[in-house]
Amino acid sequence: MKRKLTALAILLTGLSVFFTLSASAYVDPTTTTFLFQALAGVVAVVGTAIVIFWRRAKKKVNKILHIDENKNMEVEDEFTVVGENGATETAETPEAAEPKSEEPEEKKNEGTEEEEIDFDTADE
């Protein structure tokens, strides 16, 4: 009984809004902008919900019919190389993904080797 009264109240309120002959009211432009923003938000949420529902339903139907979407897809491996200066490059093979040194090995290690100190003879 309570549901019927609530439904009747909503119906009568809706009908009174649609059949109003004249309204002596002013709608502020900011109010209209707010209403458009609210409507855009509702459209975005409803659209997102529809897309999510569609993808889930499609996935279930494909599972029931034993259809694999990824059956004929080819995936190529990509290797990313990060250089010393932070630049990134992509390569097709792991060998090509080896970091390339800009300086020769001899020059790279030059001056970085420490001198060996003989502590037995250092005190003499």
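Numbers at a glance
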item: All positions within region 31-77 that are of a type in the set (D, E, K, R) and under 23 Å from the mean Cα position of the chain (by Cα); result: R55, R56, K58, K59, E69, E76, D77
item: Hey, K108 surrounded by 10 or more Cβ atoms within 10 Å (Cβ to Cβ) and either touching a Ser or Thr at 6+ places or on another chain (Cβ under 9 Å) or modelled with pLDDT under 80 (or both) or not; result: yes
item: Single residue of region 33-75 satisfying the filter (polar (S, T, N, Q) and in a helix (DSSP H, G or I)) that is surrounded by the most Cβ atoms within 10 Å (Cβ to Cβ); result: N62
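The values are calculated or read from the model by the stated rules, or taken from the named source; none is laboratory data. No experiment lies behind these values; they were computed from the predicted model shown. Don't worry about glycine lacking a Cβ; one is built from the backbone with ideal geometry, like all the others, and counts go over all protein chains shown.
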